[in-house]
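Visitor: The structure that follows is given in the form of structure tokens.
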Amino acid sequence: MAWAIRSLPEASARVRGAFRQYLPGTDTALWNNFVTVNAKVLAALAHEFELRMAYLTRQLFISTATGQWLVQHCGDIGVYRKQAAAASGSITGTGAPLAVYPSGVRFVSGNVTYLSTAPATADGAGALTMAVTSEVRGASSNRDEGGLLALADPVLYPDLGGEWEVAAGGLGGGADIESDDSLRARGLQRKRNPPGGGTLTDYERIVLDVPGVLAAWAFRGSNSIGSVFVYFLFAGREDFIPEPSDVAVVQAAIDAERLIRVDDSVAVAPIAHPVDITIDGLSADTPEIRAAIETAISAMFLKRCRPGIAGNTFTLSRSWISEAISTVSGEDRHELVEPAADLVLLGGEFPTLGTVTYGA
């Protein structure tokens, strides 16, 4: 039950009534009466007390706690705020044929630097692949496949090429520090789904514990008894669809748990299913409202949708799209033309925002 806070007039009326009850003959209706002044002071103190009690009542539960109270609640059940993480992966370039290069070679891309993490040997033609990790933590350290890095210290390694390319899979796993809302969601997931020695929710919890993971859905596999696979979304990626390097980081977290299932290769990136949208009759058509509509639809996808698979499809209701549009401030009416019907997702598809067309 929520803590009810009385208004100042309500508290004041209660105090005045108490004076009349316990001090017969007093009159709290006279503005210059000492009892009237006392009643106002006591009502103000009572109101402040009730505000404080309401705040403390909210801190009793994970669903409403804030700040350090939230951290304490989650810590009591073994859920801790995910710290920022560094990106890692491989890059390719050139060096002297058959030369061995030590770990610690520094590369740079934008304002982010990367260090090689293991010795590497060039082949007979000088082609060289190095495993690298960013020196800073955060989503800004991720790089897509084909991105370019520069050798940061060419004087130290004159026979190394100056330009390097991000290898297949990209540089992934980089993530910002976890928000309160994400921590709260994981705390509630843990309380509602106690560890079960390999249940689907156990896998979801493991994946959600990885920095950068926004959502996770575990399913039973059909290829063998006891098999399982987990779809997940990753922050900082286009439409939150993970890159192969992100999948590798999540799979490593699953491997570290050693659950008793067929789980040697279960982390899976959803397949983006672009949803084209056509809107007619928008009451207020401005660039700001259009941008807000597209943001609201993308947020709805993240909040209400999951991947669909064979035998466990997911239906995206077109009414949800219309509802998301209606939540935008300044939008009074619209007509959703496309999609004309609900969309059924399967094969690991997850809805993403496609082309948005605005009619007359």
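The values are calculated or read from the model by the stated rules, or taken from the named source; none is laboratory data. Owing to the predicted nature of the structure, the values given are computational and were not obtained by experimental measurement. In this analysis, Cβ positions are derived from the backbone assuming ideal geometry, glycine residues included, and neighbour counts consider all displayed protein chains.
Visitor: Kindly provide the set of residues from the range 64-73 that are surrounded by 13 or more Cβ atoms within 10 Å (Cβ to Cβ) and not β-branched (V, I, T), ordered by number.
Guide: Correct list: A65, W69, L70, H73.
Visitor: From the list V71, V41, exactly one residue is over 36 Å from the mean Cα position of the chain (by Cα), at negative phi and of a type in the set (A, V, I, L, M, F, W, C). Which is it?
Guide: V41
Visitor: Could you count how many residues in the range 194-216 are of a type in the set (A, V, I, L, M) and without any contact (Cβ under 8 Å) to a residue 60 or more places away in the chain? Break it down stepwise before answering.
Guide: The initial filter retains those residues of the range 194-216 that are of a type in the set (A, V, I, L, M), namely 200, 206-208, 210, 213-216.
Filter once more, keeping what is without any contact (Cβ under 8 Å) to a residue 60 or more places away in the chain: 200, 206, 208, 213, 216.
Residues meeting the conditions: 5.
Visitor: So E331 ticks every box in (1) modelled with pLDDT under 85; (2) under 14 Å from W217 (Cα atoms) but one. Which box is left unticked?
Guide: (2)
Visitor: If you don't mind, there's one more thing I want to ask. Just to be sure, is L346 free of Cβ contacts under 8 Å to residues at least 40 places away in the same chain and surrounded by 12 or more Cβ atoms within 10 Å (Cβ to Cβ)?
Guide: Working: free of Cβ contacts under 8 Å to residues at least 40 places away in the same chain: yes; surrounded by 12 or more Cβ atoms within 10 Å (Cβ to Cβ): yes.
Considered against the rule, which asks whether it is free of Cβ contacts under 8 Å to residues at least 40 places away in the same chain and surrounded by 12 or more Cβ atoms within 10 Å (Cβ to Cβ), L346 comes out as yes.
Visitor: Would you mention how many residues in the range 162-192 are surrounded by 17 or more Cβ atoms within 10 Å (Cβ to Cβ), over 19 Å from the mean Cα position of the chain (by Cα) and assigned to a loop (DSSP other than H, G, I, E, B)?
Guide: Adding up the residues that qualify gives 2.
Visitor: Return yes when I293 is modelled with pLDDT under 90, of a type in the set (A, V, I, L, M) and surrounded by fewer than 16 Cβ atoms within 10 Å (Cβ to Cβ) and no when it is not.
Guide: Details: modelled with pLDDT under 90: yes; of a type in the set (A, V, I, L, M): yes; surrounded by fewer than 16 Cβ atoms within 10 Å (Cβ to Cβ): no.
Against the criterion (modelled with pLDDT under 90, of a type in the set (A, V, I, L, M) and surrounded by fewer than 16 Cβ atoms within 10 Å (Cβ to Cβ)), I293 does not qualify.
Visitor: Here's another thing I want to ask about it. Determine which member of the set A54, A43 is assigned to a helix (DSSP H, G or I), in contact with a Ser or Thr (Cβ under 6 Å, 6 or more places away or on another chain) and either in contact (Cβ under 8 Å) with a residue 60 or more places away in the chain or not assigned by TED's automatic domain parsing to the domain that holds R137 (or both).
Guide: Details: A54 fails: in contact with a Ser or Thr (Cβ under 6 Å, 6 or more places away or on another chain).
After applying the criteria, what remains is A43.
Visitor: Residue check, S116 against (1) under 16 Å from V166 (Cα atoms); (2) in contact (Cβ under 8 Å) with a residue 24 or more places away in the chain, all met but one. Which one?
Guide: (2)
Visitor: Wholly within the range 244-360, which helices (runs of 4 or more DSSP H) include no fewer than the required count, namely at least 3 residues that are closer than 27 Å to G173 by Cα, in contact with a strand residue (DSSP E or B) (Cβ under 8 Å, 6 or more places away or on another chain) and aliphatic (A, V, I, L, M)? Spell out how you get there, then give the answer.
Guide: Numbers: elements: 244-257, 287-304, 318-326.
Where helices (runs of 4 or more DSSP H) fall fully within the range 244-360 and carry at least 3 residues being closer than 27 Å to G173 by Cα, in contact with a strand residue (DSSP E or B) (Cβ under 8 Å, 6 or more places away or on another chain) and aliphatic (A, V, I, L, M), they are 244-257.
Visitor: Now a separate question. Of the conditions (1) without any contact (Cβ under 8 Å) to a residue 12 or more places away in the chain; (2) surrounded by 14 or more Cβ atoms within 10 Å (Cβ to Cβ), V79 fails just one. Which one is it?
Guide: Every listed condition holds for V79 apart from (1).
Visitor: Residue under question is L233, and the condition is that it be in contact with a Ser or Thr (Cβ under 9 Å, 6 or more places away or on another chain) and modelled with pLDDT of 90 or more; does it hold?
Guide: No: the conditions fail for L233.
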